[in-house]
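Shown next, in structure tokens, is the structure this report addresses.
The values are calculated or read from the model by the stated rules, or taken from the named source; none is laboratory data. Model, not experiment: these values are computed from the prediction. Here the Cβ positions follow ideal geometry from the backbone for every residue, glycine too, while neighbour counts run over all protein chains shown.
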Amino acid sequence: MLTITPRTMVLTRRTIFFVFLSLYVILCPLLILTTFGYIINPIKQEVTQTGLIFLSSLPSGADIYLEKSHYRNRSPANLSGLLPGTYKITLKKKGYKPWVQSISVAAGKAATFNQIILIPKVWPAQRLAAGPFSKMEPLAGTNYILLAEHPFLGQYCVFDWKNKLLAPLLPARSRFADWPVSEIFSEQSSPVVIFQSASFWKNKYLYVDLGQTPFRILEITRLIKEKPTAWCWNSLYPKKLLLSTRDAAGLLDVETGAAEVKWLTGLKGCGSQGKWLYILDGRDDVYRESFDGAHREFLFPKPRWEGRSAAAANPERITWIANDIFLFSTVSGSLTTNVPPYVLLDGGLAGFRYDHKTERLLFWTKKDIGFAELTRRVRLKTERAVSSKIFKVHKVWDQGQAITDCFWAAGGTHLVFQDHSAIYLLEFVPTGKPRTEKITEVKAASSIFYTEEGKAIYFLNPKDGALTALSLIPE
């Protein structure tokens, strides 16, 4: 029988105590270092601060591979405790192409890849209207898409993409059916459309409000004495149209038939937002005026930019985007603003879009895509712009051939754009160049439309001209 003496018991207790004390002395600092992102680098034999990679994908649940090792969690996931360096990361999910990216990890930093859109091996597409159609005109900020096979008003249909309804633009036996359509004017978030029908001897104009049931259709040709250089209106006053000619502007009331074309003279540019008209006069001062002309308020003098082009000096369109920040755009393709750096683009502008959630302005030419983000707040006072917010400009893509449209997608982590007769998906990469993926071909000389609400791209099928929807993020 084993006999434990008091001395043996004391020695045993001391041994256990010193073992745990040694473990505490060794492991506690290591645990503290690990908690704060430090580990012992086995190669350099020194304590090194680690970094991490955050990955989330659309759809989620993708298998993650770190180099060749299968990571224990699926996306979304944090890959923490990584030594500084470059790692090959692969995401795999059944039915989708592998997503592969080399990601640089810096000490104490997180490399974030949020909302990675996994590319399906076969894009799921849905035929919405058989057509065949050759023209597609989306009305930005509304549910409506105009469709036509031939450029006559009687050929036009209206597709409501939210309710999946297709309706003819004109009623049966309409006297406007044989009008050839030469140009279409629309405004952001407004269901009103102006059709221009040009002939050798006269221009004719038709006002259509798609927000009415049935559609409200009015000929407004008699109200227009001179061909406008620009139109604008807004959703608050859809029956009041501001049109500008070479050196004047007038407000048309389609309800009463009143036209005062010369009530604003000597102006260089105009625009409309909410309850206000915005005016750039001959002295380069910016005003806002109520629609009834009863109230006029000076806002600020337009900045005198150094090195601006002649075209940038005479904008034809003023666009309010946020707080007291304005854009000035011209037919010749200049895009300028009233906050630094003032000149965003000196020519070649094909279009722009502003995202109010992220405060980022997307703009593009035929070959390039860029965006500008607001970095500080702006407040304008009296006669001078007191700016505490500026635009920081980023160049995104410079390999386009004939870019015609571009949209923010997936919360601003991606872009959807059309180049020639193809749709592309561009993914912003925090640690490198953007990734692009061709999605599909579209009918030549037609437009596309993307809605973040339904994460869907609308286009005309190149084979049969059918209106087709493609889900950018399949479920």
With the condition kept exactly as written, say whether any residue in segment 131-138 is more than 29 Å from Ala172 (Cβ to Cβ) and either of a type outside the set (A, V, I, L, M, F, W, C) or surrounded by fewer than 16 Cβ atoms within 10 Å (Cβ to Cβ) (or both). no
Quick one: in segment 210-226, of everything that is among the aliphatic types (A, V, I, L, M) and outside any helix (DSSP H, G or I), which residue is farthest from Ala258 (Cα to Cα)? Leu210
Residues that are β-branched (Val, Ile, Thr) and modelled with pLDDT under 70: find the strands (runs of 3 or more DSSP E) completely inside segment 227-269 holding 1 or more of those. 258-265
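Among Ala148, Ala140, Ala167, which is the only one that is small (Gly, Ala, Ser), within 30 Å of the chain's Cα centre (by Cα) and within 24 Å of Thr319 (Cα to Cα)?
Ala140
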What do you reckon, is Ala177 closer than 24 Å to Ala129 by Cβ, free of Cβ contacts under 8 Å to residues at least 60 places away in the same chain and not basic (Lys, Arg)? yes
For segment 431-475, enumerate the residues that are part of a loop (DSSP other than H, G, I, E, B), closer than 15 Å to Glu137 by Cα and touching a strand residue (DSSP E or B) at 6+ places or on another chain (Cβ under 7 Å). Val442, Lys443, Ser446, Ser447, Ile448, Asn461, Ala466
Taking segment 270-291, which residues are more than 11 Å from Trp320 (Cα to Cα) and not in a strand (DSSP E or B)? Lys275, Gly282, Arg283, Asp284, Phe291
Being at pLDDT 95 or above and outside any strand (DSSP E or B) is the filter here; which residues of segment 192-209 pass it? none
Considering residues that are surrounded by 15 or more Cβ atoms within 10 Å (Cβ to Cβ) and either in contact with a Pro (Cβ under 8 Å, 6 or more places away or on another chain) or of a type in the set (Val, Ile, Thr) (or both), the number found within segment 437-451 is 8
